[in-house]
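> Have a look at the structure that comes next, please.
We did not get these values from a lab; they are worked out from the coordinates using the rules stated. Note that the structure is predicted; figures quoted are calculated from it, not measured. Here the Cβ is made from the backbone with ideal geometry for all residues, glycine too, and neighbour counts use every protein chain on show.
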Amino acid sequence: MVKISDKMIFKAKNLILVLLTIQIISCTGQVQEKSIPDINENKVNTQSIILNQNTTFPQIHTNLNGMVREFVRTMHQDKNGNYWFGTNGDGIIRYDGQTLEKMTIADVSPHFRVLEIVEDKAGNLWFGTSEGLIKYDGKKFRTFSKNEGLPGDDEEIWGLTIDKNGLIWIGSIGGVSHFDGEKFIPFSLPDSIVENQKSMLSHKLVFKILEDKNGTMWFATDGNGIFKYRNGEFIHLTAKNELTDNNVADILEDKQGNIWIGTFYGGVSKFDGKAYTNFTKDGIIAGEETYNFYEDNLGNIWFTAEGYGVYRYDGNNFKQFTTEDGLTSNVTQSILEDNKGQVWFGSWQGLSIYDGQTISNAKDKEPWTN
């Protein structure tokens, strides 16, 4: 079975090769790192350590001073203004206003993947990673994995959200569970499975978990459509009824209460509470593989369409951004708006920033990324 991460990486590599006619550079760089059990007391500036690390592709834009060999998969800016970059194989990178540094965590490989970052009401950061669930309380990191009861044989976490009551919901290779801060409690989805299911990683995996404004939980699965859960009852959405594709990649509720659904083979749809509109099927946007939904402070909806760059929806129209507009690649892996109103894009060939007018190298907007 081909892992979804391998599928995405393979497609990204080949697309960039075609578009840019570049030659792959092998990942031979090694990084020496110092363990940082408490990064407030033991800060290490790794800029002087990680300088010549080879990247998978030549970097058109910044790769955070050589700390990122592949790409930034997810980004978050916490309530204190710190930037957090979750990478595909190079762990967690943080900028705290003074130092750009790569975090190392006791008993965790330095080359782990970070797939989700969320922040709770107390300001704790939670990272869904290939090594399980990692918590940062502002002083130290703590890892929760199979030893603490994370279900399944594989500790990789894809889905991660915190509901209105502060309960952490987790979608891992082994299925869905609650986490109360100390232990995992399994949460079983119905046994119903779509015909000819084509799971890419695991039929138990939930890629994304969403709690909407009405308290309904949405579970976007690996090949089994979407399950909606409220008051002990489930509704199963599949390609036979409301969806265009059973392989759901991403899901978002916007400020207006619309539910945005991105899929691997059916493009992007919007549910307004009454009807589903599929913009890909209607020919309004291009690209069948869509995800990385993000709503900015102005209410614009951003998302990526693999091979077709990034789209922005302003409530009336879609605007497409590609390499012709300054993106480093039309295969974009992550999106973030910071507290300056800048929109960040992470791709295989570095980090870009959109300032409302142009897309440029992130190091030209944030010199600390040099």
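> Could you give the distance between the Cα centres of the stretch 95-114 and the stretch 185-242, to the whole Å?
Between the Cα centres of the stretch 95-114 and the stretch 185-242 lies a distance of 33 Å.
> Most exposed first by the Cβ proxy, i.e. fewest other Cβ within 10 Å, how do Met103, Met67 rank?
Ordered by Cβ neighbours within 10 Å, fewest first: Met103, Met67.
> Now for a different question. Listed highest first by mean packing, meaning other Cβ atoms within 10 Å per residue, what order do 267-276, 350-359 come in?
Numbers: 267-276: 16.4, 350-359: 18.5.
Per-residue mean Cβ counts within 10 Å order the peptides as 350-359, 267-276.
> For the stretch 188-335, which semi-axes, largest first and in whole Å, follow from the square roots of 5 times the eigenvalues of its Cα gyration tensor?
26, 18, 13
> Springs between alpha-carbon atoms under 10 Å, Gaussian network over the chain: tell me which of Val108, Val206, Val248 tops the mean-square fluctuations.
Answer for the Gaussian network model of the chain: Val108.
> Test of the criteria: in the stretch 165-264, which trypsin sites (Lys or Arg not before Pro) are in a DSSP loop and have at most 13 other Cβ atoms within 10 angstrom of their Cβ?
Counting only loop positions with at most 13 other Cβ atoms within 10 Å, the trypsin sites (Lys or Arg not before Pro) in the stretch 165-264 are Lys183, Lys213, Lys240, Lys255.
> With the cut-off at 15 Å, report for the stretch 281-329 the share of all Cα pairs above it, as a whole percent.
Across the stretch 281-329, Cα pairs with separations above 15 Å total 45 percent.
> Could you tell me which label, among (1) 20.9; (2) 21.5; (3) 20.3, carries the value of Kirkwood radius over Cα pairs in Å calculated for this structure?
(1)
> Would you calculate, for the chain, the mean residue ellipticity at 222 nm contributed by helices, counting each DSSP H stretch of 4 or more residues as -39,500 (n - 2.57) and dividing by all residues, to the nearest 500?
Only helices count here, giving -1500 deg cm²/dmol.
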